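**Student:** A single structure is presented below for examination.
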Amino acid sequence: MRNRAKCSQRIPPTVTTRSEMTVPLICGLRASDLKSVGATHTRGFSSLSDECIHGLEGGLCASCFPKAAPDIAPGVATRGSRSKSAGRAPSLRSSPSPLTVTLGGPNPTLGARTATAKPITEAKATGTVKPVRSTRTAHDNVGEQRIYHVTHIRNLAGILNSGRLLADASDAWIARPIVDLSSAPQRAARRAALVAGDDSASVASYVPFFLSPNARLWDSLLTASNDPRLSPEAHSSETYDFVFLVSTVKKLHDARTGADDNAAAAVAVTNGDAAGALTRFGAAPETADRMLRSLRADVESQKIREAELLVTEQFPFELVTLVGVANDKVRDAVRAILATGAHKPKVVVYPPWFHAVEDTAAL
């Protein structure tokens, strides 16, 4: 009785559990002692709640009531130990790649049974299968290549009167150009330089054309460089006083179709200044065509800016397809000059041709 009295003095009268049931506490135990065993009741006290500390009914919590691991006999496969790849679709990587299949081997699209049923012997494969080499090359339409002749606007009326552009050494001159772009030393150097070696015509016997509107000689004039090839009159002229007379290789070729061999060989191509000591010439039709294609193919090279296309003796003005000018005022002046002639090519304003290469790249 004395022990029971002491116990009753230490125990509060009631406690509320999670199931909101009011029950007397066990003598000598606290609520924390009950939680330490994983449930809110102990054996022999069925009046307590069956919930575990996680709020689940007794026996349903895997943490508070873990199940014993099943005994697995050695060598017996169970459903849980099935291989991961057993039900997986076969990987596409398992089939041979078409890029690695050699000629004469099995077709990668057929099954292994077909490949083994009809083997191809090495001797048969080497005797019937030959490598195929493509002979197709990119076609370069050289005919679309533009050619450019730069002259002063004051020379345009004389060109229309004669109906042609004349070479410097031509005997057909009636009146020399009012403004000559080449200096006297440059004209002398071109008269001394021969196109095809000894006993051939000089460079001065050809009408010169640029292959690019950004030709280095023209760029020297735009940048006011002290280029000895340019005359003082050219240096003192304004940029907009010059005009571009433009044609194409196709136009020139069509005009010479049906001509004799001498006329067909009257076009030459150079890979630099025609008066330069190291400049190479393509004087024959085959070599001229080959050099022109080479210049056009090397897009990274600046050689085409130095190259020239030379037409012997004269170039008919009727082959000019375009006249490029710097501004509207010059365009109106050129149109007034062309109005007196029979051939009236299109006159266009194209300022980039009249800016230096550095300035054009910055636009």
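The values are calculated or read from the model by the stated rules, or taken from the named source; none is laboratory data. None of the values given here were measured: they were computed from a predicted structure. Every residue, glycine as well, gets a Cβ built from its backbone with ideal geometry; the counts of neighbours run over all protein chains shown.
**Student:** Name, by its number, the condition in (1) basic (Lys, Arg); (2) under 20 Å from residue 353 (Cβ atoms); (3) surrounded by fewer than 17 Cβ atoms within 10 Å (Cβ to Cβ) that does not hold for residue 191.
**Tutor:** Checking residue 191 against (1) basic (Lys, Arg); (2) under 20 Å from residue 353 (Cβ atoms); (3) surrounded by fewer than 17 Cβ atoms within 10 Å (Cβ to Cβ), the one that fails is (2).
**Student:** Scan (1) closer than 19 Å to residue 315 by Cα; (2) exposed (fewer than 15 other Cβ atoms within 10 Å of the Cβ) for the single condition residue 182 breaks and write down its number.
**Tutor:** Answer for residue 182: the failing condition is (2).
**Student:** Follow-up. Being over 22 Å from residue 321 (Cβ atoms) and at pLDDT 95 or above is true for just one of 165, 156, 230, 211. Which residue is that?
**Tutor:** 230
**Student:** Oh, and also: Which one of the conditions (1) of a type in the set (A, V, I, L, M, F, W, C); (2) more than 32 Å from the chain's Cα centre (by Cα); (3) modelled with pLDDT of 90 or more does residue 259 fail to meet, given that it meets all the rest?
**Tutor:** (3)
**Student:** Also, quick follow-up: Go through the residues of region 203-223 one by one and say whether even a single one is touching a Phe, Trp or Tyr at 6+ places or on another chain (Cβ under 6 Å), of a type outside the set (A, V, I, L, M, F, W, C) and either not in a loop (DSSP other than H, G, I, E, B) or not assigned by TED's automatic domain parsing to the domain that holds residue 297 (or both).
**Tutor:** Scanning region 203-223 turns up no residue that is touching a Phe, Trp or Tyr at 6+ places or on another chain (Cβ under 6 Å), of a type outside the set (A, V, I, L, M, F, W, C) and either not in a loop (DSSP other than H, G, I, E, B) or not assigned by TED's automatic domain parsing to the domain that holds residue 297 (or both).
**Student:** Taking residue 283, is it within 25 Å of residue 207 (Cβ to Cβ) and either assigned by TED's automatic domain parsing to the domain that holds residue 167 or not hydrophobic (A, V, I, L, M, F, W, C) (or both)?
**Tutor:** yes
**Student:** Collect the residues in region 197-236 that are touching a residue at least 60 places away in the same chain (Cβ under 8 Å), more than 18 Å from residue 168 (Cα to Cα) and aliphatic (A, V, I, L, M), keeping them in residue-number order.
**Tutor:** 211, 215, 222
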